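Notes follow the structure.
Values quoted throughout were computed directly from the atomic coordinates according to the rules given, and no laboratory measurement underlies them. Model, not experiment: these values are computed from the prediction. So basically every Cβ, Gly included, is an ideal-geometry build from the backbone, and we count neighbours across all protein chains shown.
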Amino acid sequence: MNIQQATRAYESWLSGRMPLISADLKVKHARMRESIFAFLRATFYRWVELWPQVCPELQRAPTVLAVGDLHVENFGTWRDAEGRLVWGVNDFDEACQLSYASDLVRLAVSAQLATKENQLSCSVAEICDAIADGYREALERGGRAFVLAEHHSWLRQLAISDLRDPIHFWQKLQDLPTIVRDIPSTVRRQLQALLPAKDIHFRIVHRQAGLGSLGRRRFTALAEWRGGLIAREAKELTSSAFNWRRAGSSRILYRQIIGQAVRVADPFLQIAQPWLLRRLAPDCSRIPLASLPKQKDEISLLRVMGWETANIHLGTKGAGKKILQDLRKRPAKWLRETTAAMAQSTEEDWKSWRTG
């Protein structure tokens with residue numbers, strides 16, 4: 001099955017589980033042609049097809065509740081119950097039971113592809129070594145969440161860079177037209193319940209966001225409250241693409257993975273299946289690579305991404321010890337070699353998508 005056939009088959013499978021927005025899918029397909037990095041982000045369904053073919057030896061590695069669709073733009077910030085800024089993985093739509101190595105390789109592949117588009121400047125060896133070092137150290141130490149207060153000042157500076165300016169963030173939302181049709185009544189009630197007061201007037205807009213989830217229903221409530229703008233969003237969830245073409249569980253594992261990881265909770269994030277409800281704000285969103293300062297310590301950034309990946313995997317009972325044992329058996333350059341192989345397969349698919 002080639003990438004065109006796989007995409008049609010996956011979207012047919014997905015449409016049997018939720019309504020899809022055809023205009024958003026057209027945007028997604030176009031962006032997949034424009035950028036190989038965007039192509040990777042949009043095609044986790046293809047990754048789970050290629051993974052056992054390209055890296056069969058890693059199929060026997062310890063299984064964890066994994067992020068699945070992990071990449072270098074799947075990290076962001078939120079505020080905890082104390083108002084502290086927290087950094088970490090911020091999207092678990094594709095959470096699934098998978099070899100721990102898949103998350104590491106996919107993260108490294110995404111960084112390698114980002115270098116092709118001049119968003120990062122590290123070598124493949126530097127990328128893989130930084131991710132692996134951060135991951136291994138976190139496993140050995142039992143993990144630790146990233147609260148950007150007295151610790152990680154350099155990461156806090158990246159997270160609050162000028163390009164995440166509130167004026168730009170809110171203007172983009174304000175420019176979106178109000179939608180009045182096809183809004184489920186339950187979603188409207190859930191969004192209203194997340195607002196800080198019952199009598200707040202709000203309008204609902206549709207924003208195109210992400211790439212893996214582009215095409216799904218997404219409703220954003222936008223309001224002005226006590227001198228400033230606020231927003232809450234409902235995004236539709238379904239079973240991970242890992243279950244596509246598999247007769248496995250159709251459970252949504254979002255609640256489970258964030259509940260068991262080494263993590264500081266976002267008090268606004270709620271799951272009322274099949275809807276993910278959350279607060280949107282400039283300091284509560286993913287961090288695109290383009291928003292980071294040009295002068296940044298890329299090795300340190302990749303290292304903490306590896307550490308945060310371990311924070312997620314440590315949520316699987318007994319995983320830390322099993323993974324460390326498995327890592328000791330692997331050749332020193334295993335991550336470099338598997339990253340190169342999966343990057344090559346992804347690039348071949350991308351070329352086929354562009355010409356097909």
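On each of the three principal axes of the Cα atoms of segment 283-356, give max minus min coordinate, whole Å, ordered largest first.
Principal axes ranked by extent give 44, 35, 23 Å for the Cα atoms.
Please express the Cα-Cα pair-distance distribution P(r) of segment 210-282 as a list of whole percents, one per 10 Å bin, running from 0 to the bin with the greatest distance.
Computed distribution, short to long bins: 16, 41, 32, 9, 2, 0.
Can I get the semi-axes of the chain's equivalent ellipsoid? Compute them from the C-alpha gyration tensor as square roots of 5 times the eigenvalues, in angstrom, largest first.
Rounded to whole Å, the semi-axes are 31, 24, 20.
Under 21 Å Cα to Cα from residue 351, which lysines show up? Leave out anything in the same chain fewer than 8 places away.
Once the sequence-local lysines are set aside, what remains near residue 351 is 26, 28, 116.
Based on alpha-carbon atoms only, what is the radius of gyration of segment 9-161 relative to the globular estimate 2.2 N^0.38 Å?
The value comes to 1.16.
When the chain is fully extended, how far beyond the present Cα-Cα distance does residue 144 get from residue 186, taking 0.36 nm per residue of separation?
Gain in length upon complete extension: 11.5 nm.
Taking the Cα centre of segment 167-256 as origin and charging only Cβ (+1 Lys, Arg; -1 Asp, Glu), how large is the dipole, in debye to the nearest 20?
380 debye
Could you pull out every one of the lysines with an alpha carbon less than 29 Å from that of residue 329, ignoring same-chain neighbours closer than 8 positions?
317, 321
With +1 on each Lys and Arg Cβ and -1 on each Asp and Glu Cβ, how big is the dipole of the chain about its Cα centre, in debye rounded to the nearest 20?
Value, rounded to 20: 880 debye.
For q values of 0.18, 0.22, 0.24 Å⁻¹, compute log₁₀ I(q)/I(0) with the Debye formula on a Cα-only model of segment 129-173, without solvent.
Cα-only, vacuum Debye calculation for segment 129-173: -0.73, -0.85, -0.90.
Which length gain, in nm to one decimal place, applies between residue 151 and residue 59 when the Cα-Cα distance is subtracted from 0.36 nm times their residue separation?
29.4 nm
Below 8 Å, C-alpha to C-alpha, sequence gap of six or more: please give me the relative contact order for the chain in percent.
Over the chain, the number comes to 30 percent.
Give the separation of the Cα centroids, segment 17-47 to segment 177-253, in Å.
19 Å
Does anything in segment 48-67 have its amide N under 19 Å from the 7 Å Cα→Cβ label point of residue 348, and if so which residues?
Under 19 Å, as judged by backbone N against the label point of residue 348, lie 48-59 of segment 48-67.
Taking square-rooted eigenvalues a ≥ b ≥ c of the alpha carbon gyration tensor, is segment 183-313 rounded, prolate or oblate, where a/c under 1.5 means rounded and, failing that, a/b exceeding b/c means prolate?
Oblate, because a/c is 1.5 or more while a/b does not exceed b/c.
In the chain, which longest range has no trypsin sites (Lys or Arg not before Pro) that are both DSSP loop (not H, G, I, E or B) and surrounded by at most 10 other Cβ atoms within 10 Å?
1-180
Counting Lys and Arg as +1 and Asp and Glu as -1, what is the net charge of the other residues whose Cβ lies under 12 Å from the Cβ of residue 147?
+2
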